[in-house]
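Written out below as structure tokens is the structure these notes cover.
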Amino acid sequence: MILKALDSLPRRRNKLWKLETVVDTESSSHPLWNTFQLDLEKVTNLEGLTEVRDSYLGRQRGLVALEMRKLGQFPPSERPEAGRVLNELKNAVLKALETRQTELKKRRDESRVREERIDTTLPGYNFKTGGIHPIRRVWREMEDIFVRMGYTVVVGPEIESDHYNFEALNIPKGHPARDDQDTLYINDTLLLRTHTSPVQIRTMEQHQPPLRIIAPGRVFRRDSVDATHSPMFHQMEGLVVDEGITLADLKGTLEVFFRELFSEETRVRLRPSYFPFVEPGAEVDISCIFCGGNGCRVCKRSGWIEVLGAGMVHPRVFSMVGYDSERYTGFAWGMGIDRIAILKYQVDDMRLLFENDIRFLSQF
Ligand code: PHE
């Protein structure tokens, strides 16, 4: 009931009445009206409109205000009429400004909408998605296989000391094995590691057996770039130390690994070789993954492909890290990750792996 009573009250009548008087006034007989209209016509934006408003309706210097001040100079009998005309002018100016403002705002909004319009029918941008580099791909795959066999992944520094890279691996100064690995020296004692074997030493210094680790990473040698060489490449080191580890464990481990990585048919063979930090040492071949061992261009008709160096950890290395070489034995191997990638993806030039040509990389 109360609400109804309120509703029936004529609301804001006063205000409405005032607005209507403004709305009703649309022109003026005052001479300023014509100049105002000309000025208003030239206005093209809201900033211009504000300028015109100020010059006519400004309280201090506005033309209408100036006219108001002149009213006193009129003879008293003419004053009411002059005042009325001036008021009419003022209202007409107000009304015209308001109309123009509405127009200009509308025009501004429309052009903004036009500018910001998004054409959803246009074809979208095609962003190229990245991929995983073939080296990183096999790296992960290799890691996965060893991790499933219970190995731990460890990393060592790329900048090594002469001690870890050579001395502790039974390669003293003047040893001919140093010449095999053209070393990039930083100074007398620091160098870029030439293999991942120093990680063997670092790990054994900090952990007691049993030990089962792989250590992947970058290695560096002073080689010039060609289809089979790069001054930076990748190796993965493997090291297992425990009581009763034999060469058979090494061979069995590698067989499991390569069968997993390539195929069930892959065979592994060890050829006697020499590395100062292992005894006996071996070079490890796998049966050619392309011809199955019959002989082809890749295996140079031999049926075998050399893939890594390995051996039983030298007792002198064990004593260097304080392991009891009477109690423990172990095997170690070092594999070229890039070489595996080249075989796996049948890349015929190693440079392709490092040039990062998008046409090559996008094939993976
Ligand atoms: N570090 C040797 C190389 O880079 C490979 C290797 C590692 C050999 C472990 C035997 C044992 O050639």
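The values are calculated or read from the model by the stated rules, or taken from the named source; none is laboratory data. Computed from a predicted structure; not experimentally measured. Positions of Cβ are generated from backbone atoms using ideal geometry, with glycine treated the same way; all protein chains shown enter the neighbour counts. Heavy atoms of the whole protein, side chains included, go into the accessibility calculation; ligands, DNA and RNA do not. Shrake-Rupley method; radii C 1.70, N 1.55, O 1.52, S 1.80 Å.
Once R0 is set to 35 Å, what does the formula 1/(1 + (r/R0)^6) return for the Cβ-Cβ distance between Ser161 and Arg269, expressed as a FRET efficiency to the nearest 0.05?
Details: r = 35 Å, r/R0 = 1.01.
After rounding to 0.05, the efficiency reads 0.50.
Send over a whole-number figure in Å² for the accessible area per residue of the chain, probe 1.4 Å.
62
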What list of whole percents do you get for P(r) of segment 310-364, with Cα-Cα distances grouped in 5 Å bins up to the one holding the largest distance? 4, 15, 19, 12, 7, 6, 9, 11, 9, 6, 2
What's the magnitude of the charge dipole for segment 91-221 around its Cα centre, counting Lys and Arg as +1 and Asp and Glu as -1 at the beta-carbon? Answer in Debye, nearest 20. 1040
Could you state, as a whole-number percent, how many of the C-alpha pairs of segment 230-313 are farther apart than 23 Å? 27
In the chain, how does Rg compare with the Kirkwood Rh, expressed as the Rg/Rh ratio over alpha carbon atoms? 1.58
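May I ask you to derive the FRET efficiency for Leu46 and Gln363 from their Cβ-Cβ distance with R0 = 56 Å, giving the value to the nearest 0.05? Before the final figure, lay out the partial values.
Working: r = 58 Å, r/R0 = 1.04.
After rounding to 0.05, the efficiency reads 0.45.
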Around Arg140, under 15 Å between beta carbons, what's the net of Lys plus Arg minus Asp minus Glu among the other residues? -1
Each residue of segment 282-298 in turn: what ³J(HN,Hα) in whole Hz from Karplus with 6.51, -1.76, 1.60 and θ = phi - 60°, glycine and Pro shown as x? 8, 9, 10, 10, 10, 4, 4, 6, 9, 10, x, x, 6, x, 8, 5, 5
Out of Asn187, Asn91, Asn294, any idea which swings most in a Gaussian network model of the chain, alpha carbons joined below 10 Å? Asn91
Extended-chain gain in nm, criterion 0.36 nm per residue less alpha-carbon gap, Val256 and Ser77: 52.5 nm
Taking Rh as the Kirkwood radius computed over C-alpha pairs, what is the Stokes-Einstein D of segment 111-150 at 37 °C in a medium of viscosity 0.692 mPa s, expressed in µm² per second? 223
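Could you tell me the convex hull volume per residue, in Å³, taken over the Cα atoms of segment 99-200?
Details: hull volume 28.2 nm³, N = 102.
Cα convex hull per residue, to the nearest whole number: 277 Å³.
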Among Gly309, Gly281, Gly48, residue whose mean-square fluctuation peaks in a GNM of the chain (springs only between Cα atoms under 10 Å): Gly48
For Trp304 the rounded accessible area (nearest 10 Å², probe 1.4 Å, non-protein molecules ignored) is 60
